[in-house]
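Novice: Would you mind keeping the following structure in view while I ask a few things?
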Amino acid sequence: MNWLRDLALAGIFISAGYYAATVAAAYRFRKRASAPPRPLPKIAPRAVLLKPLHGVNDSLADNLLSFMEVDYPRKEYVFGVSSYEDPAVHVPLAIKPRYQTSQITLTVGGDPSAANRKIGKLIRMVPRATRPDVFVLSDADIAVETDYLRRVIGDLYADDKLGLVTCAYRARPSRPDLGGRLEALYINTDFMPMAILADTFEPLHYAFGATIAIKREVLEEIGGFEAIKDLLADDFHLGNRAVQHGYKIGLSSALVTIVPGERTFSDFWHHQLRWARTYRTVRPISLGTILTHGPFWAVLLVLSGGLSAGSIAIAAAAVAARLAMGAAMIKGLARLPLSLSDLGLLIVKDFCITGIWFASLLGNTVRWGQRQYRITADGRLEEIRSQAIQPAQEASQRQALSAMASPEISDASPGTR
């Protein structure tokens, strides 16, 4: 079993190096995020914020309100839903009377030929924009600070070679559900440091769905959203196509916040499995993720080392390094509260992610919302079957719609969040 012990030791040392590098990268990013936004061009570009929506939860209204409150001189909003039956249609309609000086448009429907329904909605939304200079698209579960748009646009126009900028993101669960806590731990201690580290060591050649700000002429040059309408990893391919056309991608100093919608362990597992299989379509032979799973290699070392004192000490040090890195990401970079239970759950989450990594190698189907898809070899989606919405989700949507109709929201003044 010497080869297995040597493999485990290599995994531990690689993981330790990765943890140290991410902490250093996070420190540099925090300094940049704490600095004032870059200055805007003399005439601020007109920004069109695109918000495709699907379904509602108890954080959607607050998320959208945070975008309505951004401080930027020339902006408009285009919301999109698939149909009038989608309960999300009521949210922008409820917001619009409170922001009568803002230009707000709602589109219903999407391109029926698009396998990726989010992109199908975006195809319908783009023509409704008025004289756009920049399209800023973001997922519905994102909340932002008031200086968000100034940072994003300032970073985009700081370099003429930039075609788009994207944002790293942190997660703040709105409920104490297990699925949401696991998802938040993954984002704050895996995805966020990975994104910042990637920007440190190599030019970005992909974007993140939390925010993509792309110049109008660049979007037109790469074929618009129509070029990626059947692809699963739409954010990756949108950025990658810009790079292929000679543009650079920048990581903005804005750190946005995602509010995870997962509630159960099953929600967390299926979402992460979809992400892992998506990643596999763009980097089929990448081993980078598994090599950074320190706790997994620590257990493997103990098992292969015959429970020797040396193996146990090295394994304990590896787990301690992981906990220290996780704490630094949550408290230092994301600036979120941290509890001892979070640290314990962090190790549980790590083993779950290791299991998901192995599971991602054994199939090519994913669940997205209430639909199931097969991923083809070129990363395209083929729908397998549709599923009826679950009673629990129906109840959640009814509660969210009820909240939007309550006096606390409908009677709020435009400046209230």
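The values are calculated or read from the model by the stated rules, or taken from the named source; none is laboratory data. Nothing here was measured: the structure is a model prediction, and the numbers come from that model. Cβ: placed from backbone, ideal geometry, glycine included. Neighbour counts: every protein chain shown.
Novice: Scan the stretch 221-232 residue by residue and report those that are surrounded by fewer than 21 Cβ atoms within 10 Å (Cβ to Cβ) and in contact with a Phe, Trp or Tyr (Cβ under 9 Å, 6 or more places away or on another chain). Don't jump to the end; show me each part of the working.
Specialist: So in the stretch 221-232, the residues surrounded by fewer than 21 Cβ atoms within 10 Å (Cβ to Cβ) come out as 221, 223-224, 226-227, 230.
Hit for the stretch 221-232 is Glu221, nothing else.
Novice: Would you mind finding the one in Ala207, Ala168, Ala140 that is under 16 Å from Arg30 (Cα atoms) and touching a strand residue (DSSP E or B) at 6+ places or on another chain (Cβ under 8 Å)?
Specialist: Working: Ala207 fails: under 16 Å from Arg30 (Cα atoms); Ala140 fails: under 16 Å from Arg30 (Cα atoms).
The conditions single out Ala168.
Novice: Here are the criteria: (1) under 24 Å from Leu255 (Cα atoms); (2) in a helix (DSSP H, G or I); (3) touching a Gly at 6+ places or on another chain (Cβ under 7 Å). Tell me which single one Arg150 does not satisfy.
Specialist: Just one mismatch for Arg150, condition (3).
Novice: Condition (residue is at pLDDT below 95 and part of a helix (DSSP H, G or I)) applied to the stretch 76-87: is it met by at least one residue?
Specialist: So far as the stretch 76-87 goes, yes, one or more of its residues are at pLDDT below 95 and part of a helix (DSSP H, G or I).
Condition check ((1) surrounded by fewer than 17 Cβ atoms within 10 Å (Cβ to Cβ); (2) out of contact with any helix residue (DSSP H, G or I) (no Cβ under 8 Å at 6 or more places or on another chain); (3) at pLDDT 95 or above) across all residues:
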position: Leu65; (1), (2), (3): no, no, yes
position: Tyr72; (1), (2), (3): no, no, yes
position: Met125; (1), (2), (3): no, yes, yes
position: Thr130; (1), (2), (3): yes, yes, no
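Novice: Checking Arg172 against (1) within 16 Å of the chain's Cα centre (by Cα); (2) modelled with pLDDT under 95; (3) buried (at least 21 other Cβ atoms within 10 Å of the Cβ), which test does it fail?
Specialist: Checking Arg172 against (1) within 16 Å of the chain's Cα centre (by Cα); (2) modelled with pLDDT under 95; (3) buried (at least 21 other Cβ atoms within 10 Å of the Cβ), the one that fails is (3).
Novice: Continuing with this model, one more query. Right, Arg38: surrounded by fewer than 18 Cβ atoms within 10 Å (Cβ to Cβ) and under 21 Å from the mean Cα position of the chain (by Cα) or not?
Specialist: Details: surrounded by fewer than 18 Cβ atoms within 10 Å (Cβ to Cβ): yes; under 21 Å from the mean Cα position of the chain (by Cα): no.
Judged against the criteria, Arg38 is not a match.
Novice: While we're looking at this one, here's another question. Taking the criterion of being of a type in the set (Gly, Ala, Ser) and under 19 Å from the mean Cα position of the chain (by Cα), would at least one residue in the stretch 218-232 satisfy it?
Specialist: Taking the stretch 218-232 and keeping what is of a type in the set (Gly, Ala, Ser), we get 223-224, 227.
From the residues that got through so far, the ones that are under 19 Å from the mean Cα position of the chain (by Cα) too are none.
No, the stretch 218-232 contains no residue that is of a type in the set (Gly, Ala, Ser) and under 19 Å from the mean Cα position of the chain (by Cα).
Residue by residue, here is whether (1) of a type in the set (A, V, I, L, M); (2) farther than 20 Å from Val126 by Cβ holds:
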{"position": "Lys42", "(1), (2)": "no, yes"}
{"position": "Leu50", "(1), (2)": "yes, no"}
{"position": "Ser59", "(1), (2)": "no, yes"}
{"position": "Arg74", "(1), (2)": "no, no"}
{"position": "Ala88", "(1), (2)": "yes, no"}
{"position": "Pro92", "(1), (2)": "no, no"}
{"position": "Ile95", "(1), (2)": "yes, yes"}
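Novice: Okay, next question. Can you list the helices (runs of 4 or more DSSP H) lying wholly within the stretch 298-415 that have 1 or more residues being loosely packed, with under 12 Cβ neighbours inside 10 Å and modelled with pLDDT under 85? Full working, then the answer.
Specialist: Details: elements: 309-327, 340-360, 391-404, 407-410.
Answer list for the stretch 298-415: 391-404, 407-410.
Novice: Counting only residues that are touching a Phe, Trp or Tyr at 6+ places or on another chain (Cβ under 6 Å) and closer than 16 Å to Val348 by Cβ, which one in the stretch 175-220 is surrounded by the fewest Cβ atoms within 10 Å (Cβ to Cβ)?
Specialist: The residue in question is Leu178.
Novice: Additional query: Against the condition among the β-branched types (Val, Ile, Thr) and without any contact (Cβ under 8 Å) to a residue 60 or more places away in the chain, how does Ile43 come out, does it pass? Break it down into steps so the answer makes sense when it comes.
Specialist: Numbers: among the β-branched types (Val, Ile, Thr): yes; without any contact (Cβ under 8 Å) to a residue 60 or more places away in the chain: yes.
Here the answer is yes, as Ile43 does meet what is asked.
Novice: Return a yes/no flag: does the stretch 234-246 have any residue that is modelled with pLDDT under 95, surrounded by fewer than 18 Cβ atoms within 10 Å (Cβ to Cβ) and closer than 30 Å to Leu346 by Cβ.
Specialist: Within the stretch 234-246 (the criterion being modelled with pLDDT under 95, surrounded by fewer than 18 Cβ atoms within 10 Å (Cβ to Cβ) and closer than 30 Å to Leu346 by Cβ), the answer is no, since none of the residues qualifies.
Novice: Take the stretch 15-30 and flag every residue that is within 14 Å of Arg322 (Cβ to Cβ) and either out of contact with any helix residue (DSSP H, G or I) (no Cβ under 9 Å at 6 or more places or on another chain) or of a type in the set (D, E, K, R) (or both).
Specialist: If the condition is that a residue be within 14 Å of Arg322 (Cβ to Cβ) and either out of contact with any helix residue (DSSP H, G or I) (no Cβ under 9 Å at 6 or more places or on another chain) or of a type in the set (D, E, K, R) (or both), then Gly17 is the only one that fits.
Novice: Here is a further query. Would it be correct to say that Glu145 is in a helix (DSSP H, G or I), at negative phi, acidic (Asp, Glu) and in the same structural domain as Val256 (by TED's automatic domain parsing)? It would help to see each step written out before you state the result.
Specialist: Numbers: in a helix (DSSP H, G or I): no; at negative phi: yes; acidic (Asp, Glu): yes; in the same structural domain as Val256 (by TED's automatic domain parsing): yes.
Criteria not met by Glu145.
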